[in-house]
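Taking it in order: structure first as structure tokens, then the write-up.
Computed from the coordinates by the stated procedures, all read-outs in this text should not be read as laboratory data. None of these values were measured; they are calculated from a predicted model. Positions of Cβ are generated from backbone atoms using ideal geometry, with glycine treated the same way; all protein chains shown enter the neighbour counts.
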Amino acid sequence: MLFQLDSLLAINTYRMNITEIKILQTLIAVVLLFLLRILIIKLIDRTVTKSLLQKTRGKIIKKLFQIILVSITLIFILTVWGVNQSELFVFMASVLTVIGIALFAQWSHLSNITSGIIIFFNHSVKLDDTVSIIDKDYEVEGRVSDIGLFFVKLKTKEGEEVSLPNNIFLQKMIKKRNI
């Protein structure tokens, strides 16, 4: 009985201190972040490959998931290291307020982001469509090569790349060519 007690004490003599536990939790969170990121990217790529989702939408969804995963991981890590949640909330609210004021000051950026979301979810124009943008001064015709958060890019027949802000793209009359 005494021998068993000594061996049990020898096994339990090394206990992790709080800092080592926090480091271990942080490492586990970072590893989980990378594993989830790889898993989500493969899932989105597989969905895009099966043509259930456009390439551009797949890229935007990947970026959105990466931002969400990194945010959740950072909040978890900050909580592990003892940052008070109310202080974290005040900090995040302050950052979002500054971003909101900056976007409000740059109204065109906010307009482009909103237009990009509308184009993403609700517009009939898709990647690789050939379109004509009709304006009273000029007409631009080209193939839609990219639909981003701020710009829609067209490739003309001459090989030039034309970038249109999303809000302008949404406001102009667009003629879609069926090929």
Protection-proxy order for peptides 162-174, 116-128, each taking the mean of Cβ atoms within 10 Å per residue, highest first: 162-174, 116-128
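When the dipole is taken about the Cα centre of region 52-179, and only Lys, Arg (+1) and Asp, Glu (-1) are charged at their Cβ, what size is it in debye, to the nearest 20?
Charge dipole, region 52-179, about its Cα centre: 440 debye, nearest 20.
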Do any chymotrypsin sites (Phe, Trp or Tyr not before Pro) in region 31-92 lie in a DSSP loop with no more than 13 other beta carbon atoms within 10 Å, and if so, which? Trp81
Selection of trypsin sites (Lys or Arg not before Pro), region 130-162, meeting DSSP coil and at most 13 other Cβ within 10 Å: Lys136, Lys157
Residue among Trp81, Met173, Gln25 farthest towards the positive dipole end of the chain, charges placed on Cβ: Met173
Would you report the distance distribution of C-alpha pairs in the chain as whole percents per 10 angstrom bin, up to the bin with the largest distance? 8, 22, 23, 19, 12, 7, 4, 3, 1, 0
Just check region 97-151 against the gyration tensor rule for me: Cα atoms, a ≥ b ≥ c as the square roots of the eigenvalues, rounded for a/c under 1.5, and otherwise prolate or oblate depending on whether a/b exceeds b/c. prolate
Amide H neighbours of Val152 under 5 Å, at least 5 residues apart or on other chains, H built in the peptide plane: list them. Leu164, Asn166
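So for Val152, Val131, fewest C-beta neighbours within 10 Å to most, what's the order?
The order, fewest Cβ neighbours first, is Val131, Val152.
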Note on region 15-105: alpha-carbon gyration tensor, axes a ≥ b ≥ c; rule is a/c under 1.5 for rounded, else prolate if a/b larger than b/c, else oblate; result oblate
